[in-house]
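Every read-out reported here was derived from the displayed coordinates using simple, explicitly stated rules and does not represent laboratory data. None of these values were measured; they are calculated from a predicted model.
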């Protein structure tokens, strides 16, 4: 086991310690250490750049080790015990939905202002015709 420790997390009861390592070759792995049962597991991870931007955390009652980018975007999950990797979805793209809704509201507001101005001009023109000003 050769590498640089990048980030670490511990189970709620303190029994398990998970450390993300990057090897000099650029490969990465998680070292899962059972401090009570004196067992250790190495889980090879896909190669990626920027491991210094990864944060480890435990979820689902310490059954899932999550590796997320510091931005909050998920990268991968490790199922504790089977050590299987999975790629979580980022969920619903709320930022894009918000931008779309915001853009639609801006267009709606512009349309309302245009119609108000157009209607006001019609009223003013009609009033001028009645007064014989047009």
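The length gained on full extension between residue 62 and residue 12, counted as 0.36 nm times the residue separation minus their Cα-Cα distance, comes to 17.3 nm.
Full extension of the segment from residue 27 to residue 116, taken as 0.36 nm per residue of separation minus the current Cα-Cα distance, would add 25.8 nm. Quick note on segment 4-86: its Rg to Rh ratio, both from C-alpha atoms and Rh being the Kirkwood radius, is 0.93.
Mind checking the angle between helix 94-130 and the chain's longest principal axis? C-alpha axes, 0 to 90 degrees, to the nearest 10. The angle comes out at about 0 degrees.
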